[in-house]
Amino acid sequence: MNIVQTTTFSRTVKKLHKNQKENLDKAVKAIVDNPDIGDPKVGNLSGISVYKFRMTKQLTLLAYTYKEQTITLILLALGTHENFYREL
């Protein structure tokens, strides 16, 4: 599977600590194993799914899209719930 990161996502990941990156890697692996694991969004965010997971005892959201034709996972954004959907 091809995994692509947006610049917004990669900038956020650069700021994470090592243990946070390990939690993120587990979440991405869970998405790769089952791309339908996230909650699909509707309206302006249609086509985007959000996977919720714990990163160092804090709920974190990971937005992604999955293109089945090319088997590509595009990681869009990472962050807490505060202003997450507005910035997405």
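The values are calculated or read from the model by the stated rules, or taken from the named source; none is laboratory data. Because the structure is a prediction, the values reported are computed rather than measured. Virtual Cβ from ideal backbone geometry, glycine too; neighbours counted across all protein chains shown. Only protein heavy atoms, including side chains, enter the accessible area calculation; ligands, DNA and RNA are left aside. Shrake-Rupley method; radii C 1.70, N 1.55, O 1.52, S 1.80 Å.
Could you work out the Rg to Rh ratio of the chain, with Rh taken as the Kirkwood radius (inverse of the mean 1/r over all Cα pairs)?
Over the Cα atoms of the chain, Rg/Rh equals 0.93.
If you count only protein heavy atoms and use a 1.4 Å probe, how large is the accessible surface of residue 10, to the nearest 10 Å²?
40
With all protein chains present, how much of the accessible area of the chain (probe radius 1.4 Å) comes from carbon and sulfur, to the nearest whole percent?
48
Looking at the chain, which longest stretch skips every one of the trypsin sites (Lys or Arg not before Pro) that is in a DSSP loop with at most 14 other Cβ atoms within 10 Å, leaving the sites themselves out?
Formally, the longest exposed-site-free interval is 16-56.
Could you report the chain's accessible area per residue, 1.4 Å probe, as an integer in Å²?
67
For the chain, what does the helix formula give at 222 nm: sum of -39500 (n - 2.57) over DSSP H segments with n ≥ 4, over the residue count, nearest 500 deg cm²/dmol?
Per the formula, -9000 deg cm²/dmol.
May I have the count of lysine pairs in the chain with C-alpha atoms under 21 Å apart, counting pairs 8 or more residues apart or located on different chains?
So the count of such lysine pairs works out to 25.
Among residues other than residue 76 whose Cβ falls under 13 Å from its Cβ, what is the net charge (Lys/Arg +1, Asp/Glu -1)?
Charge balance near residue 76 sits at +2.
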